[in-house]
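Written out below as structure tokens is the structure these notes cover.
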Amino acid sequence: YWEYETILWIRPGKDNKYGAIYYGFNDWRQEWLKKTFAGKPDLMVDDFLPDGGMNEKGLSWDWVADGTDWGSDPNKTEYRRSHPFHDIIQQYSTVDEAIGFIRKNNFKATGRTLMTDRFGNSAIIYKLNGRLIVERATKNYQILGYGKRTSGHSMLKMGKYINIKQIADILDASHQGDVNQYSNINDPKDRIIYLFHFQNFEEYIKIDMLHEFKFGEKTYSIPSLFSRIRILRPTI
């Protein structure tokens, strides 16, 4: 995405909701978000626009905004309590539970989402002609992106990737060019997030989710987290 104001926010669990770490953008949609979610205290993500995240049980999601329109199912009641994927990440711990929630509810969305959990399950979820499509992994990986990023796909087909450097190489082969603002690797078993800035895949910040929860709610500008690291051009 082209928006430079990338944000990472940490929200420990409360009121029977799972804690989570979100990442996304602080941009022109902030006023729209305030209006859309006004009077909905169950929404636990401030006024920022999360593009992905992982909860304390290892359930994670991310989006590709490829224009796929989920449409509306006239046979289902519109889901209005909150943003559905925020509720999913706060309430559920597995991909199957998330899919069950999506099947029962009707809500608007654009794009395709990839969800994963600590048991090694993953699914690409979207709607086509009003019908919900769930593509589950048939191998030890799934790939989602513009054109499915041919280079990254070829690398994944070569074998099992077992360390951060190898996975970072896949990200380097798969990112969206100069507009790529950040990248992340989620470890759902140990609840660790590895965060990369811009198109530099040689250096990263390691975030221990359960440790960070001890310090309460925190919100960070992603560029500021890398201010002491020599980052590659171009940068701001």
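The values are calculated or read from the model by the stated rules, or taken from the named source; none is laboratory data. Values in this document were obtained by computation on a predicted structure and should not be read as measured data. Cβ atoms come from the backbone with ideal geometry, glycine included; neighbour counts cover every protein chain shown. Heads up: the accessible areas ignore ligands, DNA and RNA and are worked out on the full protein's heavy atoms, side chains in. Shrake-Rupley method; radii C 1.70, N 1.55, O 1.52, S 1.80 Å.
With S174, S183, S154 as the choices, which residue is open to solvent by 20 Å² or more (accessible area, probe 1.4 Å), closer than 25 Å to S227 by Cα and of a type in the set (S, T, Y)?
S174
Within the range 56-78, which residues are of a type in the set (D, E) and either within 21 Å of E212 (Cβ to Cβ) or at pLDDT 95 or above (or both)?
Of everything in the range 56-78, those that are of a type in the set (D, E) and either within 21 Å of E212 (Cβ to Cβ) or at pLDDT 95 or above (or both) turn out to be E56, D62.
State all residues of the range 157-170 that are open to solvent by less than 40 Å² (accessible area, probe 1.4 Å) and either touching a residue at least 24 places away in the same chain (Cβ under 8 Å) or out of contact with any Lys or Arg (no Cβ under 9 Å at 6 or more places or on another chain) (or both); if no residue qualifies, say none.
Correct list: G159, I164, A168.
Taking the residues in the range 204-223 that are open to solvent by less than 60 Å² (accessible area, probe 1.4 Å) and farther than 15 Å from A20 by Cβ as candidates, determine which candidate is modelled with the highest pLDDT.
For the range 204-223, the residue satisfying everything is I205.
Exactly one condition in (1) within 30 Å of K214 (Cβ to Cβ); (2) small (G, A, S); (3) at pLDDT below 75 is false for G53; which is it?
(3)
Somewhere in the range 108-120, is a residue open to solvent by less than 70 Å² (accessible area, probe 1.4 Å), over 28 Å from D69 (Cβ atoms) and within 18 Å of the chain's Cα centre (by Cα)?
From the range 108-120, those open to solvent by less than 70 Å² (accessible area, probe 1.4 Å) are 109, 111-117, 120; that's our starting set.
Going one step further and asking which of them are over 28 Å from D69 (Cβ atoms), we end up with 120.
Checking which are within 18 Å of the chain's Cα centre (by Cα) leaves us with 120.
Yes, there is a match, as at least one residue in the range 108-120 is open to solvent by less than 70 Å² (accessible area, probe 1.4 Å), over 28 Å from D69 (Cβ atoms) and within 18 Å of the chain's Cα centre (by Cα).
So L128 ticks every box in (1) surrounded by fewer than 16 Cβ atoms within 10 Å (Cβ to Cβ); (2) under 21 Å from K17 (Cα atoms); (3) in contact (Cβ under 8 Å) with a residue 24 or more places away in the chain; (4) not basic (K, R) but one. Which box is left unticked?
For L128, the failing item is (2).
Give the residues of the range 188-213 that are of a type in the set (F, W, Y) and within 25 Å of E3 (Cβ to Cβ), sorted by residue number.
Taking the range 188-213 first, the residues of a type in the set (F, W, Y) are 194, 196, 198, 201, 204, 213.
Within the range 188-213, Y194, F196, F198, F201, Y204 qualify.
Which residue out of Y22, Y4 is assigned to a loop (DSSP other than H, G, I, E, B), touching a Pro at 6+ places or on another chain (Cβ under 9 Å) and either modelled with pLDDT under 80 or of a type outside the set (A, V, I, L, M) (or both)?
None of the other options fit; the residue is Y4.
Just the residues that are modelled with pLDDT under 85 and β-branched (V, I, T), please, taken from the range 158-191.
I162, V179
Using the structure shown, decide if N75 is polar (S, T, N, Q) and touching a helix residue (DSSP H, G or I) at 6+ places or on another chain (Cβ under 8 Å).
Against the criterion (polar (S, T, N, Q) and touching a helix residue (DSSP H, G or I) at 6+ places or on another chain (Cβ under 8 Å)), N75 does not qualify.
With respect to I185, is the statement that it is without any contact (Cβ under 8 Å) to a residue 40 or more places away in the chain and within 19 Å of the chain's Cα centre (by Cα) true?
On the way: without any contact (Cβ under 8 Å) to a residue 40 or more places away in the chain: yes; within 19 Å of the chain's Cα centre (by Cα): yes.
So I185 fits the description; yes.
With the condition kept exactly as written, say whether any residue in the range 79-98 is over 20 Å from the mean Cα position of the chain (by Cα) and modelled with pLDDT of 75 or more.
Filtering the range 79-98 for residues over 20 Å from the mean Cα position of the chain (by Cα) gives 79-81.
From what is left, the residues that are modelled with pLDDT of 75 or more are 79.
Yes, that holds for at least one residue.
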